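The values are calculated or read from the model by the stated rules, or taken from the named source; none is laboratory data. None of the values given here were measured: they were computed from a predicted structure. Here the Cβ positions follow ideal geometry from the backbone for every residue, glycine too, while neighbour counts run over all protein chains shown. Protein only, heavy atoms only, side chains kept; ligands, DNA and RNA dropped before computing areas. Shrake-Rupley method; radii C 1.70, N 1.55, O 1.52, S 1.80 Å.
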Amino acid sequence: MIHIKIQFHTNQYQACAWGNLHAEGVIDWPPAPWRILRSLVAGAYNVNLSEKYQPTLKALLHKLASAQPSYTLPPTTYIQHRSPRPQVNLKTAKVDPGKTLYSAGLLMSNHQHDLYVHWSVTLAEIEELVLSLCLSGLTYFGRKESVATMTLVDTAPEPNAKPDAQGTRLVAIADPDLDADTLWNALNLSAHENYGVNRSAVFPGIRWATYRIAQQQLQVQQQADEQQRTHSVTLAVSGSPKLPFNLALLLTHRLHQVLISHCPAPVFTGQDMGEPSRNHDHTIFQCVPERTGRYVEQVRLYSYSGYSSEALAAIASCSKLPGVARGYDIKLAIADLGSNEKASEDWISSTPFFLSRFPAVRRGKPRMLSEHYQKDGPEHQVLQYLQYLPWLNLKGVPTYREYEGGLALCLDNEVAVITSCQVFPGFWKWESECRQGKKAGRVGYQVRLKFATMVTGPIILGYTAHYGLGAMIPLREWVGVFEPHTTTSRVIPASSILS
């Protein structure tokens, strides 16, 4: 068994998977054995390996190609850099806007940025010497910006990525049936020579294999300190002039952008390997108004999975927040760490709840969930959203029925929560620039909730919930300008939704 240690000095790995365009954002992870073999060939040229050692190198590569390696992969976060490439017009000598360059990669922590490759082969002493020499000629791995060094080591951690026919990660390997000379020619062949000169649609010498990555082993360290993590951070907002509360979405969107630029971790991006998260573990931004309800006084950040030290450092670095809105100089400061969410049975909206899908209709008529409540109407959508918040612990078989002037969610035939909705009072303009998701209509609702037991927030509902819309607060803390009413909304005509 030989162990190759790959140390990424910039904590980044950028390499496009074989057969994929760079703009597709598909990362070669774990690094394909085919990529490693071609890197060894490049390292041999970089160190000017003597011709008398070339037969040894060919035999070495043939041995490595005959076995599939296993890996010890560090924890990573998917990142993607986008930058415009200007096009220069030679006739007019002007710079025209060009295409956007996409560069996808993986980000590692400062403490865990080493990758180990385990090859179950036996090498002669001269072969190990040649392998070490080839590895010393490599200064990067993947794309050139991924600065890395590769060395042979005697010991290595246990692997967490192994070849598996039922695995989900597809990687390129060398054809084990090739002889040493044919493999050497395939590893030296460039894409231009194969596709351009030889006019071949198939790159020779490549086969495919699947790997399984043990996610639990990758997250051992994260799980060890999970209980010590901070789940809530409160930032004090100051500046001149004060930021009106109806511009709160502009503040949370800008804060989200700055945090991603400082620490592109899943707790901020809401993505894992480029795929959107299917839960609510990523950060929830909620603006808190001051006593009059007119201006933003605080911003609360909450994560169900908690914040690592790197994430907390990124939050602490956001002392100034430029670009929120024209004429506003916003400054932030950490006011509190730790969970400061209140528990209550009665909750009310502090910001409007917007539907994310239209209420159900059939042949132009509303589809009714009960006698007075429409399917996918405001009340029905509220109760559905509540079941996606794991910290509320609303588990069981859900049913819906009218109860005490509202619509009730029953879990295993027991009433868990009752809701009622009305149009959000007052004239507010809630500006946002969300690229994902959709807002069904322009009508915002004020929601009231009555739980059977005490529950702890945050409670967020509907469109742009993670940025501050659809935020709920305990009813006893209601100090806003508007007085809550008891009128409930029932059947919602399509004309009012679209207006």
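Before moving on, here are some points about what is shown:
- Note on the range 2-220: lysine pairs with Cα distance below 25 Å, sequence gap of 8 or more or different chains, count 8.
- Efficiency of FRET between E345 and H111 - r from beta-carbon atoms, R0 51 angstrom, step 0.05: 0.70
- Computed over the range 2-220, Cα set: Rg, Dmax in Å: 18.7, 63
- Within the accessible area of the range 229-340 (1.4 Å probe), percent carbon and sulfur: 50 percent
- Accessible surface comparison of R363, R254, R291, probe 1.4 Å, protein chains only, largest first: the order is R363, R291, R254.
- Separation of the range 1-76 and the range 125-204, taken as the distance between their Cα centroids, equals 4 angstrom.
- Once C-alpha pairs closer than 8 Å and six or more residues apart are averaged by separation and normalised to the residue number of the range 2-220, the relative contact order reads 33 percent.
- Annotation: amide H of D164 within the under-5 Å range of T210, Y211, R212, sequence separation 5 or more or interchain, hydrogens built in the peptide plane.
- Above-threshold pairs, the threshold being 26 Å between Cα atoms, out of K342/K450; K242/K450; K365/K395: K242/K450; K365/K395
- Rounded accessible area of E371 (nearest 10 Å², 1.4 Å probe): 150 Å²
- Extension gain, H231 to K365, is 43.7 nm, computed as 0.36 nm per intervening residue step minus the present C-alpha separation.
- Surface analysis of the range 2-220 yields an accessible area of 54 Å² per residue, using protein heavy atoms and a 1.4 Å probe.
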